[in-house]
Structure formats: C-alpha cells, structure tokens
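Report on the following structure.
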Amino acid sequence: MTTVLTMAEIESKASSLGIDLSTIDFDSIVLPPGEDFGIKSDDEDILHEEEPPEFEAGYGNVIVVDNLPVVSPEKFAKLEGVVRKIYSQTGVIKEGGLWMPVNPETKMTLGYCFIEFNTAQEAKEAQEKTDGYKLDKSHIFVVNMFDDIEKYMNVPDEWTPAEIKPYEPGENLQHWLTDEKARDQFVIRAGTVTEIFWNDARQVRPDPVYQRQYWTDGFVQWSPLGTYLATVHRQGAAVWGGKSTFNRIHRFPHNQVKHIDFSPGERYLVTYSSQEPSNPRDTHRILLNIFDLRTGKLMRDFKGSVDDFTTGGTGGLSGISWPIFKWGGGKEDKYFARIGKNAIYVYETDTFILVDKKSYKVDNVVDFSWSPTDPIISLFVPELGGGNQPARVSLVQMPGKEELRQKNLFSVSDCKMYWQSNGEYLAVKVDRYTKTKKSTYTGFELFRIKERDIPIEVLELDNKNDKIIAFAWEPKGHRFAVIHGDGPRPDVSFYSMKTGGITNRVSKLTTLKAKQANALYWSPSGRYIILAGLKGFNGQLEFYNVDELETMSTGEHFMCTDIEWDPTGRYVATAVTSVHEMENGFHIWSFNGKLLYRIPKDHFFQFQWRPRPPSLLSPEKEEEISRNLRKYSKKYEVEDQDVSLALSEQDRKKRRAIQEEWETWTTRWKQYYEEERDIRMQLRDGEPSDDEGNQEEYEAKEVEAEEFLDVREEIVNFDQEQ
Amino acid sequence: MRPILMKGHERPLTFLKYNREGDLLFSCAKDHTPTVWFADDGQRLGTYRGHNGAVWCCDVSRDSTRLITGSADQTVKLWDVQTGTQLYSFNFNSPARSVDFSIGDKLVVITTDPFMGNPSTIQVKSIAPHPSDQTSDSVLTIKGPQGRINRSVWGPLNKTIISAGEDSVIRIWDSETGQLLKESDKESGHQKTISSLCMSADKSHFLTGSGDKSAKLWDSRTLTLLKTYVMDRPVNACAISPLLDHVVIGGGQDAVNVTMTDRRAGKFEAKFYHKILQDEIGGVKGHFGPINALAFNPDGRSFSSGGEDGYVRLHHFDPEYFSIRM
C-alpha cells in the first residue's frame, strides 16, 4: 500500500529527519528489479492498457500488377478500362480499389497499378490467374500479392550461410514395441478426451499410457506402421510419438484440413481440404498437400476443382472418394496414382512428377487399385456402346505401363476388385445382368498373379442368384470367405485357392448355412475369422476357426458398430460408437471369443489399435518358432501363472483392507446404536424400541374381538297360555 | 423363484414401502390411489382413495396403523391403514414430494417442490396421537436448497434431517433449529440430480442414487462418502438389504426415450452390488420400463421393484441367493 504525499509533506518529513533534500540525487535511487514496492510507474499503466493497434484489414486483398504499358494522361482512362475489364472477370474490385500511380512531373503512368478486391481469396485467385498474362508482346503482366512485396523487400541482399544445428538424437519412436509384456496399444476418443492404453489382457483391464483433452479437432489416426499418431486441427495436421509421453514430432500446415492419409511405408503424408463454393455456379475447389513425414517438408501440392479429381462417370456429383491418391509399389512408397477422366495419373516419389511425364490414358476407366506389394495396377473399364465394346479388367505393370493380363467381360453391371494382402491373388467380383436385364447375378474372376501368364479362374456360387453381402481374403493366406444369400439369414462359404494337386484350383471348403452375419473380419494372422452381424443383427459375433472348420464360440456385443483385431491377432475389440446414443463403449475379446473386459464410455467416437511394423523374422524362422511353440510357450505360461498368483494375492490383500475398514465403521455404528438405545426407547414412549435380538420372539396371540354390527330390539311374542 | 407381478396401478410406480413386520407392502404411483398388498403373495388388500394427483411418496407408522402419503395434488394425507379412511389432510401450496415418519412417529418431515414462485421447502409437522387433535402447523420449515428436494429423511435419533435433490448435494440439517450442519463435497459427491435416498435399518448409513449413473453410500452422522457403485445408466431407485451386505440399484434411461429403444438396450434391470466390495453380483430383469422404486422386505428375504411400466414385481429370493460367495 502506498500513500501519496505532497511535496510539502515530504520536505517537512525530511527536515524532521535532518536530511537536506537538495543533496540527494533522486536518480541514484534504484528499486530492486522486479519489485516496485507497490508504486506503479505511470508508463507501465499506459503499456498495459494500450492494446496493440488493430488494422481494419490487412493488405491480403490487394495485388500489384507490373509491366503495364506506360501511357500518357489521354490514354489513362482507356488503360484503366482494360485493366478493370481483365480483373472484373476474376473477382469484384472494391469501389475505388484500382489505383494507377502517375509520375507527378511527366504525368505519365508508372507502369504498375494496385487493385483491391473484396476478399483475399479473390485477390489470390486473380494473382494466380493473371500472373504472366499477355497484354501484348512487350507487356506480360507480373502480378504479386501486395503482402508478398513487403516480404521480398525484406530479403537481405547479402547471403548469409544457414546455421547448421547440432545433431540431436531424436526420440525412440518405436519404444512401444519393446514392452516387456508384449502388449499392444490402442487409442480411444470419447467426449473431448483422447486416451491411449495398453491392452493388459492378463490383468483384464486397460492400462493407461497417456491422455489429453482437446487433442484433436477431428479424429486421430495411427500411421500404418504405428510410429506416429496423427491429429487434425484447423491449421493443419500434426503427428505425435515418442517414448512414454506423446510429443509433437511435426506439424503439417494445411488450413481446414479434412482428411489425411499416410503412405503405407510411412514416408509421406497426404492432407486434403475442400472449399465449398460460396456461389453455386463456382466450382468446388480442393487442395491436396503431400508432405515428407520425416522432415515435414511439403513435397508437392495439387489444387483444382473437384471435377479434375473424379472420373465424372459413375462417381457422379457425390464428388471425391478418399483417398484420392492410392499408394503403390509396396512399402517403398514409390508410386502414387489417382484416377481422372479417361486416364490414370501415376506419379513417382523420386521426382513427384508423372511417370514418363504423362498420364496413362485409358478411355472411360472408372476404378483402379494397386497390388499391395508390387507396382501393378488393376483397372476396370465398364461396357461401352450398349454392349458393343465389352467391359474389361486389366493388370498393368508400372512404370513400363505394359499390360500384363486382360480379361473381357460381357453384360457387366459392376465390378469390384479385392487384392490379397501379399499380392498373390486378385479377386474381381463381377455383377452381370441376367438375360432379361432385370436383375443381376454375381461371379468371381480369380487372378493368380504370381503364376506364369497369370491364369484366371471363374468362380460361380452354387446358387448363382445369391447376393454377395461381403467378401474377404485371408491375410497372407490362400483362402477367402464370402457371405451370400437373399434371405434374412445368409450363408457363409469358405474357398481355398490351393487345392487339386499340381495345378492349383479353387475349391469350396465349406458352407455355413443361415448365419446372422453381414461382415467378415479375418484375424491379421489368418486362420481365425469373426462372422459379425452388425446393424440389423444387433451385434452377433461368431468366432470361427477356418483350419478346423469349426465354431470356437459365439458372443454378442449388443448394437456393436465396429470390430477391429489387434495387429497380432491375439485380441479383438468391438465397439459401439456414438452413432448410437446408448451402449457406447468397447469390449475386448480374446481371439477365441472369450470376453475379457468391457469399458463403457459415453460419447464414444473412435477405437484404433496401434499398428505394428511387419515382423523382422524370416518366414523360415517363423515356421520354426511355430513348430517349437511348446518350448517357447512354457516360459510364458510360467509368467502367466506368476501374474495370476500375484494378482490374487494383491486382490486378497485389498479385500482384507476393505473389509477391515468396513468393520471399523460398523463397530462404531453398533456402539452408537447401543448408546442411543435408551433415547430411542424414550422417543417411542417406552416401547421396547429395537427389533434386533427379540425379533423372532413375538407370539401370535389369538385375540377375540367382538364387534356389534347392529343392535335391534324386537318384540317376541310368546304364547303364554301354552 | 418366479416373481409375482402385481398389476394394480395404471400409471408408473413412484414409491414402495414395507411395514415394519414386512407383511404389508404399500405402493404409490402416478395414478391417484396408493395401494396396500400382502407382501407374501401379492394379493391386493385395498386402496386409499382421496388424492387428486400423482402420489410421490409414503410412509407407514411403526405399529402399521397410520399411513402418510405425499402427492402432487399439494396435499399430504394421513390414513387409517386398516380401514382406508382419510384421517387428516395437510394442505400446501405446492406438490409434496417426500414424507418420512420420525422415530416414534410423532413427527413427519415433508418436502414440497418449487412451484409457482414458491421455493422448495422441508417442513416438519407433528402428528397428534389422536387424529381429532391434529393441526397443520409446521414445527419447522427449512428453505434454501435450489431446485426440487427429492427426498428428506430423519437422521439418527431424530436429531438431524438429511435431504437430497436436484442440486445433487446432500445436506444434513439440525432438526431442532433448521441449521445446515453438513454438505456433501461437490467433487466426490454426485454430479447430477439425486433421485433416491434410502436409510439403513439402524440409520447409521444411507444410500443415494443419482442421474450420474452411480449410487453412493454415506455415513449418516459424518456424511463421509463410504462407497460408490457405478452403473451404466441413470439410477432412479436404490435399497439396502437389511440381511446381507448387498444393495440393489435400479434405473434405466429417461422415460422419454423408452419407446425408442429395445428392452435389452434400456437395461431395466435391478442390479445387485456387494455393499462392501462394490462389485456387481447380478441383475434381475423383467421390467419393460425404467425402475422407479425398490424396497427390501425388512427380513431381507424378498424385495419388490416398481417400474415405469406400472407393474410391481415381488421377488422372493431363491435359497442360492443366501449362499453367494464373493
């Protein structure tokens, strides 16, 4: 607290203390830094109160047009008209927004002008469109954003060598793989909180790793090898990773990013945003950025209207299907490709330009997909000319663009391509019209990619009219499962590509009749599959062993919307996400269908296992391990036992503690109860108040109660004479 | 054993109460007639006619002669249990939400809802030994808590009144002076409306159920939070077993959504929890609407539940129930 003294008071005080004020140098009095003894400096107040000046608007909507002709005042109006005409096409020029400076002496224009648009977006568009515009031979426009000019002005003339930062070892991004208990992680998003857990199946509960509120503005996504967790924000995407806490590794600026996609080898990140046109006649513009994931550098951007990125054919107005760019060439991320009108655009990641500098022309192509392991594209061209030109599926090798195999198909309504995860087989589901053209039936064309000449087999279901509800290859395997049927309870069939001696033939393994299933989820290690009845079937689950062709168990996760195997194939997560109002949360099952634990979470949005990179063991080594599994498993069995013993010991201890705590409460309560017995009795007017002890002692007494229902006097006549 | 379904009410049940001997069961519902049943076989003994609105709560005197009921018709009525005649009617200017006899049955604590600008109140009335001497004067009136007070009960020795309601805070009041003695902690306490409150037989602890999908056990002298039982749906009703260390908790999603969800999704089960270990023991299914009322028979060998569906379900426990090991 300070009290304000007048100068006279100070002087009197000073003289009473015997100090001559004129001998003191006031400037020499310095307060210790950071301490003002409660005395506010006048300057400070101003600093605090005065907010930084705010500009009404920046110069984001102003462009500078250079290389205009230098004209005399007579022609000034004409030039201004021309410029105005050019720039009115791209946007609305603000009133008085066109200013062409004039040399005050010669009255000639200076050869440049400023144009102010209504919005920065219009300015940007005008700048992009007219930069390099040829007015005539000697006047080619050079257009810049006004803001950029300032930026260029600030570039120092002298070149200074960039500072080389000393190398700092990065964090171990693979640390989670070194978990001693070999557990897997998963991320969940519920409400505003994103949480990462270990799936601790032994302890039958999740073990928290990290959690954060408002971590992402949209969704979260693991990278394909599990190294990073990506979040999306208004300003762009970010990836996180590290040892125990998730630190931000990189930011990828991209305004209003909507979708992201990693390349399979985790080398690149594709971000996508789209801009709805404010005016329905404008085009719907989209922007794609491809970043190098490790350096965070923008490698290439693609922008344009939606139409440029769709086939314009069957896709229709619905627009793009994500991902736009499909990655090919296996884990090296060598190629990426997108579909366009009558062409497939294949880019190389070495240069980020088109392979052979031109697109791959395929008339009317509507769909394509990469082999998961090889640079092979499969593509589908529908029927043309009312059936004169058959539909076809072809396999094309990149980068040579040579056609490896082609198959013509007749009276086709639609095709869908399914690659097996090792790229060994390709199944093409072909919907054909029946003769009447009123309905369709389905068959499969099965390509054996790794065999000589790529033989094709045709597979038709036993009942050709069955609708195909789902199809799935066994990961890394040779089998596939199909759900088919028309009725409310479809059948499930399993086929193998490896039967029939020397020449492999496809054959049916079994058909399971009348299943409540509409989705197939193979274990990532093959062999096991979940036949799931989602949506209409309310979450029926059947865990099936395809080796033994037997059902291991059935379960139900009521209303279940999502199912995901953990990357090792040991556990399965089933979740009800917020598409339903009730029941939100997830369950964790063992691979053989035993429910391990369930976690209810309101407003549950997302569940995702953290992927693992592929095993470094050679196939031979893996084979050997699975042969000698008993030897290895012994060690883990012992461990399991220890854990369960320790658990039960812990449990017992905890229970005892709880019980003891409870005992102390109850003894105290009993004590109170005894003490208060007399008072309670009084409150009840001396009635033996409490029941305990004499509860069973009451006797049943029969009480005869007489009740007069009616009293009536009647005169009874006696015959006295008798 | 198969439950006994008692269909005597035309509207959702609101409250259930056994008498001390456990041979009678009183039920209140949103229809206007509280009903008394034989607690053993579910026979209907009779009804108490006279209310003109939903009946929210009731209590029966220790000697089972007097029944008191609180209703939305802004009255609390005192009945002769045996004959069903109305002995007295306390009139209020807002709906009566809960009633509870004190030890000795000389006092009754009544809560009234906030209504037409009147705040919610807790009122204590004295009950005259003979109905003809009955007056409607309040011994004590407490005002203060915001929102509806869903339940108020007497604490040990009638010294305190414990109340809970919409503001999700439990309060202990001095029953002599009306002074606020204790308030439950906002952090550890309930996060949403407390819908029900149930005293243990010896009044040493009590259980509260809340819309925050949990039920909590409290010490009624110190207001210490003892246990929390977590459910996956809002709790409407709860009860403490007088025999075993069990509690039963019931609820369901809001009545608004009932018609739009599957019976399985609604989870209209009465769930049993171990009182001390807080573990779930099991559930009793059957209602096709949320459970609004639960009560244990004082002998602990049967319990009844009342649902939004208008049924009272009376369950006698199987012998296995008494040998559950945790």
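FYI, it's all coordinate maths here, none of it is from the lab. What you are looking at is a predicted structure, and each value in this text was computed from that prediction instead of being measured. Heads up, the Cβs are rebuilt from the backbone with ideal geometry, glycines too, and the neighbour counts pull from every protein chain shown.
Radius of gyration over Kirkwood radius for chain A, both on Cα atoms: the Rg/Rh ratio is 1.17. Could you please report the charge total around B:I127, scoring K, R as +1 and D, E as -1 over all other residues with beta-carbon less than 15 angstrom from its beta-carbon? It works out to a net charge of -2. Which Cα, out of B:V60, B:P129, B:T112, lies furthest along the positive dipole direction of segment B:31-162 (beta carbon charges, K/R +1, D/E -1)? Ranked along the dipole, the leading option is B:T112. Residue order for A:I468, A:I483, fewest other beta carbons within 10 angstrom first, comes to A:I468, A:I483.
Here is the list for segment B:143-234: GluC sites (Glu not before Pro) lying in DSSP coil, each with at most 13 other C-beta atoms within 10 angstrom of its C-beta, are B:E176, B:E187.
Reducing segment A:270-292 and segment B:270-323 to their Cα centroids gives an inter-centroid distance of 59 Å. The C-alpha atoms of segment A:259-380 occupy a region whose extents along the principal axes are 42, 34, 23 Å, arranged from largest to smallest.
Once you list every other residue whose beta carbon is under 10 Å from the beta carbon of A:N584, what net charge do they have if Lys and Arg are +1 and Asp and Glu are -1? After counting each charged neighbour, the total is -3.
Both radii come from the Cα set of chain B: Rg as radius of gyration, Rh as Kirkwood radius; their ratio Rg/Rh reads 0.94.
Taking Cα centre as origin and charging only the Cβ of basic (Lys, Arg, +1) and acidic (Asp, Glu, -1) residues, the dipole magnitude of the protein assembly as shown rounds to 5460 debye.
A simple spin-label model places pseudo-atoms 7 Å from Cα toward Cβ; at A:E402 and A:E9 they are separated by 10.1 nm. Close Lys pairs in segment B:15-164 (alpha-carbon distance under 19 Å; sequence gap of 8 or more, or different chains): 11. Check which residues have an amide H placed less than 5 Å from A:W522's amide H, if you skip close sequence neighbours. Distant-sequence amide H within range of A:W522: A:I530.
For chain A, the relative contact order works out to 6 percent when only alpha carbon pairs closer than 8 Å and six or more residues apart are counted. Neighbours of A:I529, meaning other residues whose beta-carbon lies under 13 angstrom from its beta-carbon, give a summed charge of -2 when Lys and Arg score +1 and Asp and Glu score -1. What aspartates and glutamates sit close enough to A:K498 to cross-link, taking a C-alpha to C-alpha distance under 18 Å and skipping anything fewer than 8 places away on the same chain? Excluding near neighbours in sequence, the set is A:E424, A:E445, A:E451, A:D453, A:E457, A:E460, A:E474, A:D547, A:E548. Note on A:K438: aspartates and glutamates with a C-alpha under 19 Å away, same-chain residues under 8 apart excluded, are A:E383, A:D414, A:D466, A:D486.
Diagonalising the gyration tensor over the Cα atoms of segment A:169-222 and scaling each eigenvalue by 5 before taking the square root yields semi-axes of 21, 17, 8 Å, largest first. Scanning chain A for chymotrypsin sites (Phe, Trp or Tyr not before Pro) in DSSP loops with at most 13 neighbouring Cβ atoms within 10 Å leaves A:411-697 as the longest stretch between them.
With a cut-off of 14 Å on the backbone N, the residues of segment A:492-532 near the modelled label site 7 Å out from A:V579 along Cα-Cβ are A:518-520. Between A:E674 and A:V204, the C-beta separation translates, for a Förster distance of 41 Å, into a calculated FRET efficiency of about 0.40. Counting only residues at least eight positions apart within a chain, or on another chain, the aspartates and glutamates with an alpha carbon under 16 Å from that of B:K275 are A:E660, A:E661, A:E663, B:D202, B:D219, B:D245.
Where in segment A:553-576 does the amide nitrogen come within less than 15 Å of the point 7 Å from the Cα of A:S633, taken along Cα to Cβ? Within reach of a label on A:S633, which here means backbone N under 15 Å from a point 7 Å along Cα→Cβ, segment A:553-576 contributes A:570.
List the trypsin sites (Lys or Arg not before Pro) in segment A:54-135 that DSSP assigns to loop (not H, G, I, E or B) and whose Cβ has at most 12 other Cβ atoms within 10 Å. Which are they?
A:K107
Take every Cα pair under 8 Å whose residues are at least 6 apart in sequence, average their separation, divide by the length of chain B, and the relative contact order is 13 percent. In terms of distances greater than 21 angstrom between alpha carbons, the cross-link table entries A:K258/A:K297; B:K203/B:K267; A:K165/A:K334; A:K416/A:K515; A:K476/A:K621; A:K326/A:K361 yield B:K203/B:K267; A:K165/A:K334; A:K416/A:K515. When only alpha carbons are used to place a centre, segment A:346-372 and segment A:617-656 end up 49 Å from one another.
Less than 5 angstrom separates the built amide H of A:W215 from those of A:T194, all sequence-distant by 5 or more or on a different chain.
For segment A:490-565, the set of trypsin sites (Lys or Arg not before Pro) satisfying both a DSSP loop assignment and a count of at most 15 other C-beta atoms within 10 Å is given as A:K513. Take every Cα pair under 8 Å whose residues are at least 6 apart in sequence, average their separation, divide by the length of segment B:114-167, and the relative contact order is 31 percent. If a spin label sat at a point 7 angstrom from the Cα of A:F76 along the line to its beta carbon, the backbone N atoms of segment A:101-119 nearer than 19 Å would be those of A:101-116.
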